[in-house]
Amino acid sequence: MEDKKALVFGGTSGIGKELAQLLKDEGCSVTVTGNSRQNKNALYAPADGIISMALENNSFGPELDQHISSCDILCLCYGPFVQKPLHETLPSDWEKVAMHDYALNGMLLSAALPHMMERRFGRIIIFGGTRTESVRVCRTNAAYAGAKTGLSVLVKSVGECYGNYNITCNGILPGYVTSVPQGKKAMPALTVAKEALRLIKSPTLNGLLLNVES
């Protein structure tokens, strides 16, 4: 892991922050993204802004493009939670989950893959939602869970199609870390991050969807 370059998208809090630190401890050069200019330790990359830029220019901006093209390890930790029953889900909610929880992850993934293929090395971790490895009933967050279930398709697709380039892609499906429902137990962010690191370090685990729950 020493001297590998890691990009942790959404690495300023929670699981992403813990994973970024673990990668640093392994000797990686780590860049994290954040949505506030106040955070001097993070590359400023607000989701709305980079989505708009990518759609208009096929670019995330010079600085983020450079980090995407050079990263050996891509960790996609970002994905805002939306909890509403379907009859209360607004058009703006649908746009949010479609673009932020699904499409943005796909855009970043598609941008990084050609460079990983050229180097014949890549490690990708995508964070899904709780138990989103298969289609299921969701009473209060169907829009969000649908987008996260779509990420499982990306994990399986990359694992199947790019393994011959020494690229692995695995998914972590964590239990509740924040926004914990009543009666449920919170999952420590560090515990989830350690499982993600284990998958990143493995050269053989590929296309795996790992539920990490307390």
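The values are calculated or read from the model by the stated rules, or taken from the named source; none is laboratory data. The structure displayed is predicted, hence computed values, not measured ones. A quick note on method: Cβ atoms are made from the backbone with ideal geometry, for glycine too, and the neighbour counts reach across all protein chains shown. Only protein heavy atoms, including side chains, enter the accessible area calculation; ligands, DNA and RNA are left aside. Shrake-Rupley method; radii C 1.70, N 1.55, O 1.52, S 1.80 Å.
Relative contact order (percent) for the chain, with alpha-carbon contacts under 8 angstrom and 6 or more residues of separation?
Taking the mean separation of contacting Cα pairs over the length of the chain, I get 20 percent.
Taking the solvent-accessible surface of protein heavy atoms with a 1.4 Å probe, what is the per residue accessible area of region 1-88 in Å²? All intermediate terms of the calculation are to be shown ahead of the outcome.
Working: 4740 Å² over 88 residues.
Heavy-atom accessible area per residue stands at 54 Å².
The local environment of Tyr176, defined by Cβ-Cβ distances under 12 Å, has a net charge of +2 under the rule Lys, Arg +1 and Asp, Glu -1. Here the spin labels are modelled as points 7 Å beyond Cα on the Cα-Cβ line, and at Leu55 and Glu2 they lie 4.6 nm apart.
Looking at region 11-69, which trypsin sites (Lys or Arg not before Pro) are in a loop (DSSP not H, G, I, E or B) and have at most 15 other Cβ atoms within 10 Å?
Sparse-neighbourhood loop trypsin sites (Lys or Arg not before Pro): Arg37, Lys40.
How much area per residue is accessible in region 92-214 when the probe is 1.4 Å and only protein heavy atoms are counted (Å²)?
Result: 47 Å² of accessible area for each residue.
Given a cut-off of 25 Å, name the pairs among Lys4/Lys194; Lys156/Lys185; Lys148/Lys185; Lys24/Lys156; Lys84/Lys194 whose C-alpha atoms lie farther apart than that in the structure shown. Check vs 25 Å cut-off fails for Lys156/Lys185; Lys24/Lys156; Lys84/Lys194.
Taking a ≥ b ≥ c as the square roots of the eigenvalues of the alpha carbon gyration tensor, region 90-214 is oblate, as a/c is not under 1.5 and a/b does not beat b/c. One Cα centroid belongs to region 155-186, the other to region 39-62; the line between them spans 23 Å. Taking a ≥ b ≥ c as the square roots of the Cα gyration tensor eigenvalues, the chain comes out rounded, since a/c falls below 1.5.
Annotation for region 101-137 versus region 11-28: alpha-carbon center distance of 18 Å.
If you keep only loop residues by DSSP, which trypsin sites (Lys or Arg not before Pro) in region 162-201 have at most 16 other Cβ atoms within 10 Å of their Cβ?
Here the sparse-neighbourhood loop sites are Lys184, Lys185.
Within the accessible surface of the chain, defined with a 1.4 Å probe on protein heavy atoms only, the carbon and sulfur portion equals 49 percent. Taking Cα centre as origin and charging only the Cβ of basic (Lys, Arg, +1) and acidic (Asp, Glu, -1) residues, the dipole magnitude of region 83-158 rounds to 320 debye.
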